[in-house]
Amino acid sequence: MKKNLLLASALGLVVSLHAQDRSKAVSVDHYGQARIDQESQQIPSKPISAPNAKAASTVTIGTSYNVFSILGDRQNQVVYNPDINTVAFVHRQNNGAAGGSGIMSLDYSTDGGSTWTINPFQTTPDLDNATSNGNRYPNIGIYNPSGNTDTANAYIVQAGPSLHNTAASNNGWAKTFRASAKLDGSDLDETYNFSSTVSTTGDPNEWGAAGLYVTANGEAFYVSTNWNNQGAAGSEDPNFDVPSLYHDYYINRGVFNSSTNTFDWTVDTITPNWYQTSGDGSLGGVRANCAGLANMAWAPNGNIGYVVIMGADSNSNQNTMYRPYVLKTTDGGDTWTQFADYDFSSNAAMTCYIWGLNTNQTIQRPFFSSFDCVVDNNDELRIFAKVNSGFSEHPDSLNYSFAAYQASFLYEVATNGNSWDVTFIDSVYNDDFVFDATNNMAHPVRPQAGRSQDGSKVFYTWLYDDSGLNSLGEREFPDVYAVGHDVASGNWTAYTNISAGTNAQYIAGYQTLAVDAIENGSEKAWELPIVYGTDISGGTLFDGTGPAQWHFLKGVGFDQADFTTPKTPNACTVSIDEEEALNNSTSIFPNPTNGIFEIMIANTDNFSYSVMNILGNVIASDNVSGNRTSVNLTNQAKGAYFVQVTTENGAITKKVMVTK
């Protein structure tokens, strides 16, 4: 069931003034987020103007001491419940509120996002009897009793990692906080728990909670992992319970107890057999699991659920790439089964775009990085992921991908456990813009996934930037782009800049999307509940440790008439016979090229060629007498192009990179 799809992008190709360098690689640091968590220095903020800001459908909601409230791609920080028409957003409490930045609060709207109650009460005021150094990276869900339509009877549920100021935790990650309450603040319950087995030092080192969702069965689930605070990454002290980073993963399940009006939590532990690299210089140690944070998604019926972790499983012969490690439940979370591994390096939609290794360009290693996921009405998992090009297949270099910005692509990966569908969505033609170099804070692509309430449509959002606003090709003025996919028909919407014409235009930092869409809203049939961040002044973010302002992007989304784009052939699709006939005799050089390259074919007297861009549009073609010709693409944008060569023996398509 492999399906290869190239969607026509409304964005076109982006021109950048800096060249790619295939010799450069970057370590994709799955560990850095755990270290980036400073308290606000209360630096006075200054307004920064955004170009051509326009007033439209944005609603200013709460604030927080800093932007660290919302860094995780996999956090579910926005939730929508259609039964009570309520949208809620969890964040570290409003800037300047008593108790500091580590106390959690929320904002909520009971009219679909038009008006909001902001920071009404603290959900974690106790901070574990003051032993917590603050809570971080929160998730939120809404528990609504079956048949209830009164917001007064609904509960919010929160979960996330907690820092502790004790010697045992080395002033690092320790317990997981959980909180629940009614929307008026009554029945507040705040607990701090260990999912892992407590060591003799009392240091479980837990963090990374993600994917919190209350299923149709009325049960709350999220997934978390652990972190060793003792020693440098790769050289952790095994006496502190965690032998290595991301050693165990915890499926946390909360069942509402009507006698106490709280949640009773149980935990299932997963211990993948990750491949370990030794000598990764960027981690400064001798051992590191090739793995990252997890996410979780549930079907609308509440019985089918998935856990997704990007990593390299040493039980597989595909351990030279970061890829989805997937577990599935079909009984509402009682039992979980791991999927059979899948070789993404053999998938045509991947190999069409992913660069070859630095040492051997005929070998490709897709490198999955940022991602989000949902489940559709067919109970299929749909992963929306940024996929980089792996730099090397050496066992000690698995954390490295190409540094050049054209080496990243957005894909939809759909699976039910029996088969895998891979759909190319778009190329990432912007680098992450570092708006705060001191704290290493940047505007990432930040892929987010949502769906219609019945799961018949899925929606993906990400951050993009008009390249004309930044000569370096960076995401300095981020906009929110979105695309929708009708699962039944296979039709897609056009790529849409949903922040254009709103106050979010050019300044939509760290956009985060709810799982469930608002249906039959005031503007669209499916409205996407999105919250984004700015500087406290309302301008673009510039100081990661300074106070942040949060905004709800209202009334953006899609109508049924927008789903008009059918599947189109993949620009790289060729048959095995064609490839065998011409691959060894066709040369394209130099590649990468500054725009001028040669096509040479052995043992032929004439041939034709066509050059296509990533949209499948033919931009150059010719019939050639002889076995060699020169092609000039210097008037085209930098990026990937596909050269289809046809002779009497068949046809073949090869990729060429234009760097200039």
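The values are calculated or read from the model by the stated rules, or taken from the named source; none is laboratory data. Computed from a predicted structure; not experimentally measured. Glycine also receives a Cβ, built like all others from the backbone with ideal geometry; neighbour counts cover every protein chain displayed. With ligands, DNA and RNA removed, areas are computed over all heavy atoms of the protein, side chains included. Shrake-Rupley method; radii C 1.70, N 1.55, O 1.52, S 1.80 Å.
Which whole-Hz ³J(HN,Hα) couplings does the stretch 532-545 yield from phi under the Karplus relation 6.51 cos²θ - 1.76 cosθ + 1.60, θ = phi - 60°, glycine and proline marked x?
In residue order, the calculated couplings are 9, x, 9, 4, 4, 7, x, x, 5, 4, 9, 9, x, 8 Hz.
Could you give log10 I(q)/I(0) at q = 0.17, 0.19 Å⁻¹ for the stretch 340-491, computed by the Debye formula over C-alpha point scatterers of equal weight, without solvent?
-1.05, -1.21
So what's the Cα pair-distance distribution over the stretch 295-350, bin width 5 Å, in %?
Result, from short to long distances: 4, 19, 24, 19, 15, 12, 6, 0 percent.
Going 7 Å from the Cα of residue 591 in the Cα-to-Cβ direction, what parts of the stretch 633-655 have a backbone nitrogen less than 14 Å from that spot?
Label zone hits: 640-646, 652-655.
Give the value in nm², to one decimal: projected area of the alpha carbon convex hull of the stretch 585-660, averaged over all directions.
Numbers: hull surface 17.5 nm².
One quarter of the hull surface, i.e. the mean projection, equals 4.4 nm².
Please turn the phi angles of the stretch 585-591 into ³J(HN,Hα) values with the Karplus equation 6.51 cos²θ - 1.76 cosθ + 1.60 (θ = phi - 60°), one per residue in order, whole Hz, x for glycine and proline.
9, 9, 10, 10, 8, x, 8
At 7 Å along Cα-to-Cβ for each site, give me the label-to-label distance between residue 301 and residue 560 in nm.
2.4
Tally Lys and Arg at +1 and Asp and Glu at -1 over the other residues with C-beta under 11 Å from the C-beta of residue 333: what net charge comes out?
Working: positive: 253, 328; negative: 219, 268, 331, 334.
Charge balance near residue 333 sits at -2.
Direction-averaged shadow area of the convex hull around the Cα atoms of the stretch 411-532, nm²?
Values: hull surface 36.0 nm².
It is 9.0 nm².
What does the highest-first list of 450-457, 511-518, 79-86 look like by mean Cβ count within 10 Å?
Numbers: 450-457: 20.9, 511-518: 25.1, 79-86: 19.4.
Per-residue mean Cβ counts within 10 Å order the peptides as 511-518, 450-457, 79-86.
Pull up all non-local amide H partners of residue 436: gap of 5 or more, or a different chain, and H-to-H distance under 5 Å with H placed in the peptide plane.
441
Within 10 Å, count the other beta carbons around each residue, average over each peptide in 524-537, 255-268, 337-350, 112-125, and list them highest first. Please report the intermediate quantities before stating the final value.
Values: 524-537: 23.2, 255-268: 13.8, 337-350: 17.1, 112-125: 18.8.
Output ranking for 524-537, 255-268, 337-350, 112-125: 524-537, 112-125, 337-350, 255-268.
How much length is gained on full extension from residue 348 to residue 149, taking 0.36 nm per residue of separation minus their Cα-Cα distance? Please list the in-between numbers first.
On the way: separation 199, 0.36 × 199 = 71.64 nm, distance 4.80 nm.
Additional length available on full extension: 66.8 nm.
Check residue 226: other-chain or 5+ apart residues with amide H under 5 Å from its amide H, H built from backbone geometry?
Distant-sequence amide H within range of residue 226: 207, 246, 247, 248.
Can you give the FRET efficiency to the nearest 0.05 for residue 186 and residue 617, using r as the Cβ-Cβ distance and R₀ = 35 Å?
Values: r = 60 Å, r/R0 = 1.71.
Computed FRET efficiency for residue 186 and residue 617: 0.05.
Quick one: if you stick a label point 7 Å off each Cα along the C-beta vector at residue 649 and residue 341, how many nm between them?
Taking the simple label geometry, residue 649 and residue 341 are separated by 3.6 nm.
Just read off the accessible area of residue 330 with the full protein assembly in place, 1.4 Å probe, to the nearest 10 Å².
Ignoring ligands and nucleic acids, residue 330 comes out at about 90 Å².
If you stretched the chain out fully between residue 436 and residue 608, how much longer would it get, using 0.36 nm times the residue separation minus the C-alpha to C-alpha distance? List each step's numbers first, then the result.
On the way: separation 172, 0.36 × 172 = 61.92 nm, distance 5.05 nm.
That works out to 56.9 nm of additional length.
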